[in-house]
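Reviewing the structure listed below.
The values are calculated or read from the model by the stated rules, or taken from the named source; none is laboratory data. All values reported here derive from a predicted model rather than from experimental measurement. Heads up, the Cβs are rebuilt from the backbone with ideal geometry, glycines too, and the neighbour counts pull from every protein chain shown. Note: accessible area is taken over every heavy atom of the protein model, side chains too, but ligands, DNA and RNA are not part of it. Shrake-Rupley method; radii C 1.70, N 1.55, O 1.52, S 1.80 Å.
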Amino acid sequence: MKEADVQQEPSYLGAPYGLASWLLTKDHKRIAILYLISITIFFAIGGSFAAMIRAELVTPQGDFLTADLYNKVFTLHGVVMIFFFLIPSIPATLGNFFMPIMIGAKDLAFPRINLLSWYIYVVGATLTLAAVIMGGVDTGWTFYTPYSSISSTTNVTTAALGVFITGFSSILTGFNFIVTVHRMRAPGMTWFRMPLFVWANYATSLVMILGTPVIAITVLLIAAERALHLGVFDPRIGGDPVLFQHLFWFYSHPAVYIMILPGMGVISELVANVSRKQIFGYSFVAFSSLAIAIIGFLVWGHHMFVTGQSIYAGLVFSIITMLVAVPSAVKTFNWTATMYKGAVVWDSPLFWVLGFMGLFLIGGLTGLFLGAMGLDIHLHDTYFVVAHFHYIMVGGGVMAFLGGLHFYWPKMTGRMYSEPLAKVASMLVFFGFNLTFFPQFIVGYMGMPRRYHSYPAEFQVFNVLSTAGATVLGAGYLMILLYLVYSIVKGPKAPMNPWGATGLEWKIQSPPITHNFHETPVVTEEAYDYLHAPAPTREVTHHE
Amino acid sequence: MSNSTSPVSVAKPHPKLQSHFFSMDQQLEASTLGMWVFLVTEVMFFGGLFMAYIVYRHMYPHAWVEASAELNWKLGGLNTGVLICSSITMALAVRAAMIGNRTQQLINIALTSILGATFLVVKFFEYKAKFEHHLVPGPHFDPSLEQGMQIFFSLYFVMTGIHALHMVIGLGIMAYIFIQAWKGTYNAEYFAPVEVSGLYWHFVDIVWIFLFPLLYLLGAHGA
Ligand SMILES: [Cu+2]
């Protein structure tokens with residue numbers, strides 16, 4: 001497919017052909033594509049559950065779904081979106097593809113384990129889908145005991161085992177990244193020359209290897225309690241269900257950083273590129289990733305202010321929650337300072353950057369509302385919480401994922417998509433998202449609780465707005481899928497460096513060869529040396 | 001970076017050098033670091049269980065002592081000794097691989113496996129006794145026992161069960177490196193698999209070193 005090129009070696013996509021060569025590949029780039037296809041499927045599944053939720057909530061009566069079915073639908077929406085889309089989204093796709101290239105390595109340290117992680121993901125995903133087909137789960141994605149361990153008659157064991165198994169795919173990805181960053185850097189690639197995307201993935205990997213094992217053992221205990229009567233959280237024999245919540249949130253709060261830190265890494269790359277400037281305060285941005293990863297492990301109790309946890313514990317968790325906002329703010333200020341007096345280019349990456357910054361800012365600030373203990377008593381378990389975490393995980397996480405996907409698409413596929421369409425889609429997503437979730441802040445503040453299929457009539461206007469927004473948002477996502485797939489078939493060929501970006505990944509052909517580099521690169525410059533960056537070469541490709 | 005040898009200067013790469021590494025040194029360092037990182041995840045995995053143990057021991061101090069007295073500390077102690085011996089033979093196996101001594105490798109890997117298997121056999125008889133004494137949580141658990149004791153036994157079975165599962169995996173690894181050692185795969189240039197298997201084996205032993213006193217040695221044992 002690259003006859004026009006002078007390169008003798010075919011790209012990773014073409015060498016060799018055949019389904020078996022993909023399913024048995026050890027190439028990090030191909031594994032990234034396998035992950036990309038899998039998570040897209042799960043995004044669609046999770047999205048259709050969301051569509052059912054929004055359809056139900058158009059009217060105050062529970063008329064479209066029964067209460068039981070509604071419980072299952074929101075549970076599966078959460079389980080699928082969190083464990084099968086958001087957690088692997090950026091690390092397993094963009095991280096897998098670009099992290100080794102960015103540090104000048106031929107592959108991750110353990111290519112076979114990388115492939116294994118994808119297969120583990122597939123097995124876990126299949127088990128969870130089996131739970132769906134067998135009739136679903138209704139515990140909420142949080143699997144709270146004792147409901148999950150004793151009362152629920154749905155397929156909790158199967159779903160819990162699915163989540164347990166998928167956890168190991170995440171552990172293996174994190175493990176592989178950490179060893180790769182430590183041991184696989186090219187000559188001259190010092191720690192402080194690494195792109196911030198690599199730092200962000202490194203910090204994410206720390207969270208993955210420290211947090212995921214704890215959720216793994218916790219959901220395993222639920223499965224053991226249901227299947228083998230090994231009761232650990234069972235109040236009938238003196239067990240403490242709140243212990244489950246502690247163990248669960250010990251992972252699940254840091255899991256938010258698994259979803260958002262890689263996104264922050266993507267945004268750092270994009271901000272430098274659209275501003276055509278070195279990132280302001282590079283080392284602050286790098287260390288803030290580590291700070292978020294570490295402090296993030298000390299705040300889990302803010303999910304438990306109303307569980308009867310000691311008020312002093314609550315106070316401490318509340319204060320540390322405020323603290324964890326500091327490194328996030330450091331990043332946001334540094335990105336803004338990078339853009340300030342930068343030669344900002346009106347390319348589609350800018351749209352994703354601005355979208356991310358706006359949504360992440362709202363999500364982060366409302367997180368402070370919820371971290372404040374007194375206010376949380378009022379807001380706990382309302383739509384305010386739902387809106388807050390969607391602003392972070394979808395507004396922040398998915399926006400960054402899409403931004404990164406668009407930015408790196410030419411490198412991954414060797415094709416260009418339509419710039420105008422990308423700009424339109426990014427705005428559709430931005431406005432659709434705000435229309436969906438901003439009303440939920442208001443209706444949540446007014447007291448609408450989450451997780452019910454019916455609600456008092458005075459909340460209807462907000463829910464109709466929300467559903468209308470979700471429709472626009474869905475159309476935006478669908479549009480992206482269509483023009484990206486179209487670009488693979490009909491898009492113009494991408495040059496080596498369409499955005500005029502810095503970094504090793506832009507100095508190799510698009511798409512890269514299997515071993516990434518013809519010769520091991522020797523790094524002599526800092527990251528984001530935009531003073532010496534080449535000009536964007538996108539226009540040249542149009543008369544291909 | 002440790003890869004001082006440039007890829008060009010190496011005349012003929014070692015047959016066991018994977019193509020994405022520069023040198024055998026880099027490959028060994030990656031494997032070793034990889035195993036350490038993996039062990040960190042294992043610590044966190046067992047950490048969740050130890051956390052539950054701490055909470056409930058604090059909640060039910062008396063029941064914990066009562067339940068611990070039901071365990072056979074002599075068998076547990078025997079198994080502790082067995083595992084310590086197996087760690088010694090494992091360390092000797094790694095040493096033998098590093099100097100390329102095939103006979104010593106085979107003997108020590110075999111001894112390690114036999115000791116590991118002994119541990120599992122003893123564990124089997126301990127489990128069997130618990131079934132007979134109605135100490136397995138669930139509907140057959142002795143209802144006359146104090147509140148909290150059932151949780152102790154739940155944790156006992158989960159913790160020692162997962163530990164035993166690690167032992168079984170360890171025996172599988174031993175079988176693999178035994179076959180490789182038989183073929184003479186390991187020598188001074190290439191011994192990473194034996195080294196990382198050794199790290200794993202020692203880790204599983206250390207977990208037991210914590211489990212034994214925490215589960216078996218609470219309070220004064222009667223007879
Ligand atoms: Cu949290």
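List of remarks:
- Put simply, of A:170, A:148, A:152 the only residue that is within 12 Å of another protein chain (Cβ to nearest Cβ) and of a type outside the set (A, V, I, L, M, F, W, C) is A:170.
- Evaluated against (1) touching a residue at least 60 places away in the same chain (Cβ under 8 Å); (2) of a type outside the set (Val, Ile, Thr); (3) within 13 Å of the ligand (Cβ to nearest atom); (4) surrounded by fewer than 22 Cβ atoms within 10 Å (Cβ to Cβ), residue A:325 falls short on exactly one condition, (1).
- Residue A:80 vs. criteria assigned to a helix (DSSP H, G or I) and crowded, with 24+ Cβ neighbours inside 10 Å: yes
- Residue match in the stretch A:310-319 (condition: within 14 Å of another protein chain (Cβ to nearest Cβ), away from the ligand (no atom under 16 Å from the Cβ) and either in contact (Cβ under 8 Å) with a residue 60 or more places away in the chain or not acidic (Asp, Glu) (or both)): yes
- Any hit, the stretch B:62-70, residues being within 7 Å of chain A (Cβ to nearest Cβ), among the acidic types (Asp, Glu) and in a helix (DSSP H, G or I): no
- Test: residue in the stretch A:342-349 that is away from chain B (no Cβ under 14 Å), closer than 28 Å to residue A:424 by Cβ and within 16 Å of the ligand (Cβ to nearest atom): no
- Test result for residue A:118, modelled with pLDDT of 95 or more and in contact with a helix residue (DSSP H, G or I) (Cβ under 6 Å, 6 or more places away or on another chain): yes
- Top-ranked residue of the stretch B:112-143 - restricted to ones that are of a type in the set (A, V, I, L, M) and part of a helix (DSSP H, G or I), ranked as most open to solvent (accessible area, probe 1.4 Å): B:114
- Residue match in the stretch B:190-197 (condition: in contact with a Gly (Cβ under 9 Å, 6 or more places away or on another chain), outside any helix (DSSP H, G or I) and at pLDDT below 95): yes
- Tally, over the stretch A:148-172, of residues that are open to solvent by 40 Å² or more (accessible area, probe 1.4 Å) and modelled with pLDDT under 90: 3
- Unmet requirement for residue A:98, which otherwise passes all of (1) more than 14 Å from every other protein chain (Cβ to nearest Cβ); (2) modelled with pLDDT under 95; (3) not in a loop (DSSP other than H, G, I, E, B): (2)
- Unique match (being within 14 Å of chain A (Cβ to nearest Cβ) and either surrounded by 20 or more Cβ atoms within 10 Å (Cβ to Cβ) or in a helix (DSSP H, G or I) (or both)) among B:82, B:40: B:40
- Residue list for the stretch B:18-35, filter: open to solvent by 20 Å² or more (accessible area, probe 1.4 Å) and facing chain A (nearest Cβ under 9 Å): B:18, B:19, B:22, B:29, B:31, B:33
- Filter pass, residue A:186 being of a type in the set (A, V, I, L, M, F, W, C), farther than 30 Å from residue A:282 by Cα and at pLDDT 90 or above: no
- Per the conditions (1) of a type in the set (D, E, K, R); (2) within 20 Å of residue B:158 (Cβ to Cβ); (3) more than 9 Å from chain B (Cβ to nearest Cβ), the sole criterion not satisfied by residue A:234 is (3).
- Of the criteria (1) open to solvent by 10 Å² or more (accessible area, probe 1.4 Å); (2) under 17 Å from the mean Cα position of the chain (by Cα), which one residue A:90 fails: (1)
- Of the residues making up the stretch A:222-255, not one is open to solvent by 10 Å² or more (accessible area, probe 1.4 Å), small (Gly, Ala, Ser) and within 16 Å of the ligand (Cβ to nearest atom).
- Residues in the stretch A:300-314 that are over 21 Å from residue A:384 (Cα atoms) and open to solvent by 40 Å² or more (accessible area, probe 1.4 Å): A:308, A:310, A:311, A:312.
- Across the stretch A:208-221, the qualifying residues are those that are within 16 Å of the ligand (Cβ to nearest atom) and of a type outside the set (Val, Ile, Thr), and the one among them that is surrounded by the fewest Cβ atoms within 10 Å (Cβ to Cβ) is A:210.
- Residue selected from the stretch A:173-202 under the condition within 26 Å of residue A:120 (Cβ to Cβ) and open to solvent by 30 Å² or more (accessible area, probe 1.4 Å), by the criterion farthest from the other protein chains (Cβ to nearest Cβ): A:182
- Scanning the stretch A:102-132 for residues that are open to solvent by 10 Å² or more (accessible area, probe 1.4 Å) and part of a loop (DSSP other than H, G, I, E, B) returns A:106, A:107, A:110.
- Members of the stretch A:275-307 found to be over 22 Å from the mean Cα position of the chain (by Cα) and within 16 Å of the ligand (Cβ to nearest atom), listed by number: A:301, A:304, A:305, A:306, A:307
- Set side by side, the residues A:359, A:368, A:421, A:428 differ, and just one is in contact (Cβ under 8 Å) with a residue 40 or more places away in the chain and surrounded by 22 or more Cβ atoms within 10 Å (Cβ to Cβ), which is A:359.
- Test: residue A:49 is free of Cβ contacts under 8 Å to residues at least 40 places away in the same chain and aromatic (Phe, Trp, Tyr): yes
- The numbered conditions (1) open to solvent by 70 Å² or more (accessible area, probe 1.4 Å); (2) in contact (Cβ under 8 Å) with a residue 24 or more places away in the chain are all true for residue A:482 except (2).
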